[in-house]
Amino acid sequence: MKNYFSKILTLSILAGSLFVSSCKDDDVNPSVAQIYPERAASNTVLTVKGAGLSDVVSITFETGSVPASFTSTFNTDGAILFRVPTDAQPGEQNIIFKNRSGKEFKVPFYVLGYPAVTTVSNYNFKKDSEITLTGKNLGDVTKVTFTADTLTEVSIVSSSATSLVLKFPATTLTESSLRITNGSGTTQTSQSFVALENAFQLFTDDYAPGYENASWGASGISTDVFKTGTASKFMTFGKGAWSQNGIGWKNTANANFKYLSFWIKGASQDYDLYIWSQQSPSGFSTFADYNKIKVPANVWTYFKIDVSSLQLWANGPEWNQIGWRIQGPDSQDETFYIDDVIFIK
């Protein structure tokens, strides 16, 4: 009889324990008293304070169901730290928390999505030129201006989340980055855009007045391949010839030029080209690291080079020829195309 009552007592205690445990789980009401900051961009650290937070096992940003990573061992009952996910979609939404019991609770939050530009279709513009900017958070852009002239707006032709097409106005600026505004705020592009009409032009669709083809080897104007406008200058380097192609012959003073800029389309493989003027340290035979550029094969590449690093005027301030040389090519003739050759003041 004693064993019988002992077993009954034990079962009663176990049942009671299960009941208490079950009630404890069911009675957990996790809650948030504060989230800081209340608005933030991706990768920002958020601090959530409240109660019953130590059992949180997942955090999800509602729009697009984007999970946020966090270290659960750092959780306390009163606080959680985590970052806004890189892929969190901008705008007002909830952050959804779930604990081990499967309970969910939500907190309103606003993900800031500042405009971000990663690539551009061109760095040079004329009045009414259209340039495409590619990046993120561009769909709700409302205003674009020059950084150096915030009163002059650049027209928005079209936009999407990852693309922004702009039409540029006339300007007296030489170059400027852009200020782009959307619903989250304003950012400045790392890219700088150059007004062709305010630069010293050597070749755009044709040679500038007073300048002409200055090459040994095949070179001229191509209307079949070009980066902008209607034409480019093609430069063919003969096999084993160590030839050069360039632009001359007008005597020109270095008018405090800051940069030499051009677009160049590479040949069949990657090559090094050397930029020189007749005032370079060894003239057209100047082959050094400081005047060497690496040109990728078969694609248009933009170059904007500090002229002081090229030593184009090492032997005097006036020049009448500027060129691009190659050591080789060794296996076959190679053709490059160059466009929008300018000096930027």
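The values are calculated or read from the model by the stated rules, or taken from the named source; none is laboratory data. Model, not experiment: these values are computed from the prediction. Methodologically, a virtual Cβ is constructed for each residue, glycine included, from the backbone with ideal geometry; neighbour enumeration extends over all protein chains shown. Surface accessibility is based on the protein's heavy atoms, side chains included, excluding ligands, DNA and RNA. Shrake-Rupley method; radii C 1.70, N 1.55, O 1.52, S 1.80 Å.
The table below gives the values:
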quantity	calculated
Which numbered condition K103 misses (of (1) open to solvent by 30 Å² or more (accessible area, probe 1.4 Å); (2) more than 30 Å from T171 (Cα to Cα); (3) without any contact (Cβ under 8 Å) to a residue 60 or more places away in the chain)	(3)
Residue among G240, G229 that alone is at positive phi, in a loop (DSSP other than H, G, I, E, B) and within 36 Å of the chain's Cα centre (by Cα)	G229
Enumeration of residues in the range 264-305 that are touching an Asp or Glu at 6+ places or on another chain (Cβ under 8 Å), loosely packed, with under 15 Cβ neighbours inside 10 Å and among the hydroxyl-bearing types (S, T, Y)	S268
Within the range 15-33, considering residues that are touching a strand residue (DSSP E or B) at 6+ places or on another chain (Cβ under 9 Å) and open to solvent by 90 Å² or more (accessible area, probe 1.4 Å), the one modelled with the lowest pLDDT	N29
Residue in the range 183-199 that is among the aliphatic types (A, V, I, L, M) and without any contact (Cβ under 8 Å) to a residue 12 or more places away in the chain present	no
Members of the range 324-341 that are part of a loop (DSSP other than H, G, I, E, B), closer than 25 Å to K227 by Cα and open to solvent by less than 10 Å² (accessible area, probe 1.4 Å)	I326, P329
First in the range 78-98 and over 13 Å from Y110 (Cα atoms), second anywhere and among the β-branched types (V, I, T) and part of a loop (DSSP other than H, G, I, E, B), Cβ under 9 Å, 6 or more apart	L81/T71; F82/T71; R83/T44
Complete set of residues in the range 192-213 that are more than 29 Å from the chain's Cα centre (by Cα) and of a type in the set (D, E, K, R)	D206, E212
Inter-residue pairs, beta-carbon under 8 Å, first under 11 Å from I264 (Cα atoms) and touching a residue at least 24 places away in the same chain (Cβ under 8 Å) and in the range 313-341, second polar (S, T, N, Q) and not in a strand (DSSP E or B), 6+ apart	D339/T204; D339/T228; D340/T204; D340/T228; V341/T204
The range 193-202: number of residues that are open to solvent by 10 Å² or more (accessible area, probe 1.4 Å), in contact with a Phe, Trp or Tyr (Cβ under 7 Å, 6 or more places away or on another chain) and not aliphatic (A, V, I, L, M)	1
Among residues of the range 139-181, those that are surrounded by 15 or more Cβ atoms within 10 Å (Cβ to Cβ) and at pLDDT below 95, counted	2
Tally of residues being of a type outside the set (K, R), surrounded by 13 or more Cβ atoms within 10 Å (Cβ to Cβ) and within 33 Å of the chain's Cα centre (by Cα) across the range 57-96	23
Residues satisfying the stated conditions in the range 306-323, i.e. over 33 Å from the mean Cα position of the chain (by Cα) and either closer than 10 Å to S280 by Cβ or surrounded by 17 or more Cβ atoms within 10 Å (Cβ to Cβ) (or both)	W313, A314, N315, W319, Q321
Boolean, Y114 is open to solvent by 50 Å² or more (accessible area, probe 1.4 Å) and under 17 Å from the mean Cα position of the chain (by Cα)	yes
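Residues checked against (1) surrounded by 14 or more Cβ atoms within 10 Å (Cβ to Cβ); (2) at pLDDT 95 or above:
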| position | (1), (2) |
| --- | --- |
| T189 | yes, yes |
| G210 | no, no |
| G217 | yes, no |
| F226 | yes, yes |
| S232 | yes, yes |
| M235 | yes, yes |
| G248 | yes, no |
